[in-house]
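So the structure is just underneath, and the comments pick up after that.
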Amino acid sequence: MQLLIIVLNKVDVLEKLLERLCESGVRGATILESRGMAQSLCESEEQKFIASLQMLLDPQHKNNKTILTVVPDEQIPVVSKVLGEVTGGLDQPNSGVMFSVPVQYTEGFGEKQ
């Protein structure tokens with residue numbers, strides 16, 4: 001089992017992503033409002049030197065969504081493929097990132113693992 005973390009910068013594709021993840025077998029996820037460090041620093045009065053970076057950032061991109069889900073190991077490539085298709089690829093600027101962390105124990109998913 002893996003805890004899959006997706007930080008989605010392209011929030012406009014969230015609904016489509018969730019639909020496609022559901023179709024691919026993901027049965028549940030938690031979606032959190034989140035914000036990147038660079039965006040926070042750009043808006044800070046005390047960090048004016050970082051504000052010059054704002055021109056490099058997408059000014060419309062203020063927040064992102066963090067999606068947390070626990071999936072079987074073999075589902076990671078499936079989710080990765082879906083995420084790439086929906087976002088246009090995580091190699092594209094401001095699309096997002098995905099990573100996983102091994103899960104050794106779960107409870108509340110129906111069966112203890």
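The values are calculated or read from the model by the stated rules, or taken from the named source; none is laboratory data. Since the structure is predicted, the reported quantities are computational estimates derived from the model, not experimental observations. Cβ atoms come from the backbone with ideal geometry, glycine included; neighbour counts cover every protein chain shown. For accessibility, only protein heavy atoms count, side chains too; no ligands or nucleic acids. Shrake-Rupley method; radii C 1.70, N 1.55, O 1.52, S 1.80 Å.
Which one is farthest from Ser24 (Cα to Cα) among residues in the stretch 90-103 that are surrounded by fewer than 11 Cβ atoms within 10 Å (Cβ to Cβ) and at pLDDT below 95? Ranking the qualifying residues of the stretch 90-103, first place goes to Pro93.
Cβ separations smaller than 6 Å between residues 6+ apart or across chains give the following pairs from the stretch 70-92 residues that are closer than 15 Å to Leu14 by Cβ to residues that are part of a loop (DSSP other than H, G, I, E, B) and open to solvent by 30 Å² or more (accessible area, probe 1.4 Å): Val82/Ser24; Thr87/Lys10. Taking Pro77 and the conditions (1) open to solvent by less than 50 Å² (accessible area, probe 1.4 Å); (2) at pLDDT 90 or above, which numbered condition does it fall short on, given that it satisfies the others? Here Pro77 clears every test but (1).
Inspection of the stretch 26-41 identifies at least one residue that is exposed (fewer than 14 other Cβ atoms within 10 Å of the Cβ), at pLDDT 90 or above and of a type in the set (S, T, N, Q).
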